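Only one structure is covered here, and it is reproduced in the block below.
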Amino acid sequence: MTNFDVDEENLPSSSLDLEVKLPGLFRPELSVDNRQDAEKIAFSSDFSYSNKIRYVAEDDDAPTLKIRDARTHQDSPLTEDGAASLFHKKGFCLFPHQTKVKRWNEDYLKGMIFGSDISKIYALELESIIRNYLLPEYHVISVDCPPAVLRRGPSSKNEFYGTGVHQDYGLTLEDYKSTLAAYDPTGQVAKQVQKKFDTDEVYGMMVINFWRPIGGYTKANPLRSKPLAVCDPAFVNTNDTVHTALDAKVVGGIKGKQTDQMALKYSSQQHWYYYPNMTDDEVLVFKQFEVWKDDPMSKRETMPVRGVFHTAFEDPTTPEGCPPRKSTECRVQVFVGKRKDEDSSPSEEKCDLPAPLWPKSGSEWGWLACDMGSIGMIFAAAWSECPAIPEYLNFIISFAVVGMLEGLIKFQYSLRREGNDKRYPCAHSFSSILGLIQLALGIWGMALVFPNVAYLSNPSPETCETGPIIAMFIPSIIIAVVLVGLVGYGIYSFVVKKRSECE
């Protein structure tokens, strides 16, 4: 039944093993239908189910479970290779990791537009762990790390804890896309996931959770409140999973949509673990979701369980008056290709990641200076007169602001570096949209200034002074040259294509 070679029954007992009643397990007699189109069991608005089908931890008949000390399965002190070995066997591990992150950003929109320690620092740290330790045997196609994290505890947006055994993304790719769509009004995120999954180079995808305490916890003062329990998926039968749903609006999603999650029926065969006394320099890594192209996804009820069920729980050894837990989690989407031993192409033992976004190169600072030069247009026009072209100031300010914003985004995400357009697709898309807006503004400027170009040789306060006319003329000329180049390239491409067809 198990997929690793440890004799768990004969392991020496750890003094830190616990016996507790975990919250939110479903009763084993519950009859469930795990087919893809079957009706899901829905949470009520207060995150609860009827106690007739679900245990509450305080119930007298709730089962008492053994929660094993997972540290007994890893090296002491922790090592990266030892952690990776356990991750391969069980789908979770405790990874030693000192992060350089100082600000744990929770605002996804702010992080996407302006960047954050998560996108500048943490994303690269986690990608290095994934490529070099967790999945070194695979060709990792892409690692998509969000620009923000989910924090829990005091001074965060989520002062409550995820108490209740659950798995966040379901079993199949359809389950996963359903949850993504519950938070995305455009529907594009789920479509992009499917599009990337369908490419020839991708063989599978997974979501890996990096969960860590951030409350200044040390070996002398470790985390003692509300640890996380994880269940080894090798000991979870698909028939014991419960297809559940949550009103997306309750958790910040779209009204009328549901997330696609899973709960778990109690079974004495399940193996539960936790890591006692975690510090800020340790991260609990576990798989939240995993699918491969050769999975039987058309028959959801036969899909293997790979995602790790988990829950926060009350540790009975927690000292009285212990402060609430402060923690953060980052869910990273990974697309995986062939195993390297199945591919004849040469590969390095370790993956060299792109340089971090900071510090910037001299050329990047130079490009930023050029992009910020647009502000000179505003100064050239603001204290001058141009009554012959009443809309001159609107055009100049609009063109300059859009140009500077585009330049700042390119600078922030180093989009002029090779490959960063793919590493930061949202920033690249936003920058491209701003470029199109600037092109449209330039056409407007051409319509304003070209009929009045004579004022260049005869400026005056009664018609148009030199500052405004030059501030409009220069960007209009640049846009005109760009348009001519685009048209010329289009004609050239058309001719070459026709010639190829004729040949």
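Tabulated values for the structure
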{"quantity": "For Phe235: the one exception among (1) over 23 Å from the mean Cα position of the chain (by Cα); (2) surrounded by 20 or more Cβ atoms within 10 Å (Cβ to Cβ); (3) within 19 Å of Trp272 (Cα to Cα)", "calculated": "(2)"}
{"quantity": "Test result for Leu94, crowded, with 21+ Cβ neighbours inside 10 Å, among the aliphatic types (A, V, I, L, M) and either under 19 Å from Glu329 (Cβ atoms) or out of contact with any helix residue (DSSP H, G or I) (no Cβ under 9 Å at 6 or more places or on another chain) (or both)", "calculated": "yes"}
{"quantity": "Ala471 being crowded, with 19+ Cβ neighbours inside 10 Å, at pLDDT 90 or above, of a type in the set (A, V, I, L, M, F, W, C) and more than 30 Å from Cys145 (Cα to Cα)", "calculated": "yes"}
{"quantity": "Criterion: over 39 Å from the mean Cα position of the chain (by Cα) and at pLDDT below 90 - qualifying residue of Ala380, Ala388", "calculated": "Ala380"}
{"quantity": "Selection from region 130-155 of residues that are in a helix (DSSP H, G or I) and open to solvent by less than 30 Å² (accessible area, probe 1.4 Å)", "calculated": "Ile130, Asn132, Leu134"}
{"quantity": "Members of region 378-403 found to be open to solvent by 70 Å² or more (accessible area, probe 1.4 Å), touching a residue at least 60 places away in the same chain (Cβ under 8 Å) and among the aromatic types (Phe, Trp, Tyr), listed by number", "calculated": "Trp383"}
{"quantity": "Selected residue (only one of Glu125, Glu80, Glu58 is out of contact with any helix residue (DSSP H, G or I) (no Cβ under 9 Å at 6 or more places or on another chain) and either crowded, with 18+ Cβ neighbours inside 10 Å or farther than 23 Å from Lys265 by Cβ (or both))", "calculated": "Glu125"}
{"quantity": "Residue match in region 451-473 (condition: touching a helix residue (DSSP H, G or I) at 6+ places or on another chain (Cβ under 9 Å) and closer than 30 Å to Leu357 by Cα)", "calculated": "no"}
{"quantity": "Scope region 411-431; condition touching a Phe, Trp or Tyr at 6+ places or on another chain (Cβ under 9 Å) and over 19 Å from Ile121 (Cα atoms); matching residues", "calculated": "Ser431"}
{"quantity": "Subset of region 412-433 [assigned to a helix (DSSP H, G or I) and buried (at least 19 other Cβ atoms within 10 Å of the Cβ)]", "calculated": "Gln412, Arg423, Ala427, Ser431"}
{"quantity": "Those residues of region 97-112 which are surrounded by fewer than 17 Cβ atoms within 10 Å (Cβ to Cβ) and in contact (Cβ under 8 Å) with a residue 60 or more places away in the chain, in sequence order", "calculated": "Gln98"}
{"quantity": "Residue within region 194-204 that is open to solvent by 20 Å² or more (accessible area, probe 1.4 Å), among the polar types (S, T, N, Q) and either farther than 30 Å from Glu39 by Cα or part of a helix (DSSP H, G or I) (or both) present", "calculated": "yes"}
{"quantity": "Selection count where residues are part of a helix (DSSP H, G or I) and open to solvent by 40 Å² or more (accessible area, probe 1.4 Å), scope region 367-377", "calculated": "5"}
{"quantity": "Residue match in region 219-231 (condition: buried (at least 20 other Cβ atoms within 10 Å of the Cβ), within 18 Å of Arg35 (Cα to Cα) and within 28 Å of the chain's Cα centre (by Cα))", "calculated": "no"}
{"quantity": "Residues located in region 156-167, provided they are open to solvent by 20 Å² or more (accessible area, probe 1.4 Å) and either part of a strand (DSSP E or B) or of a type outside the set (Ser, Thr, Tyr) (or both)", "calculated": "Lys157, Asn158, Glu159, Phe160, Gly162, His166"}
{"quantity": "Count of region 82-114 residues which are small (Gly, Ala, Ser) and part of a loop (DSSP other than H, G, I, E, B)", "calculated": "1"}
{"quantity": "Elements of type strands (runs of 3 or more DSSP E) contained in region 245-342, each with 3 or more residues being closer than 28 Å to Thr199 by Cα and either without any contact (Cβ under 8 Å) to a residue 60 or more places away in the chain or open to solvent by 30 Å² or more (accessible area, probe 1.4 Å) (or both)", "calculated": "327-339"}
{"quantity": "Boolean, Gly170 is open to solvent by less than 30 Å² (accessible area, probe 1.4 Å), assigned to a loop (DSSP other than H, G, I, E, B) and more than 18 Å from Arg331 (Cα to Cα)", "calculated": "no"}
{"quantity": "Condition check for Ile479: surrounded by 10 or more Cβ atoms within 10 Å (Cβ to Cβ), free of Cβ contacts under 8 Å to residues at least 40 places away in the same chain and closer than 20 Å to Leu393 by Cα", "calculated": "no"}
{"quantity": "Unique residue being touching an Asp or Glu at 6+ places or on another chain (Cβ under 6 Å), farther than 30 Å from Leu126 by Cα and not small (Gly, Ala, Ser) when the list is Leu456, Leu434, Leu483", "calculated": "Leu434"}
{"quantity": "Residues of region 173-188 classified as within 19 Å of Trp292 (Cα to Cα) and either open to solvent by 50 Å² or more (accessible area, probe 1.4 Å) or in a loop (DSSP other than H, G, I, E, B) (or both), total", "calculated": "1"}
{"quantity": "Answer from Leu441, Leu448, Leu486 - the residue that is open to solvent by 60 Å² or more (accessible area, probe 1.4 Å) and farther than 28 Å from Gln333 by Cα", "calculated": "Leu486"}
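The values are calculated or read from the model by the stated rules, or taken from the named source; none is laboratory data. Everything numeric in this text was worked out from a predicted model, so none of it was measured. For neighbour counting, all protein chains shown are included, and Cβ atoms are generated from backbone atoms with ideal geometry for every residue, glycine included. Ligands, DNA and RNA are excluded from the accessible area calculation, which covers all protein heavy atoms including side chains. Shrake-Rupley method; radii C 1.70, N 1.55, O 1.52, S 1.80 Å.
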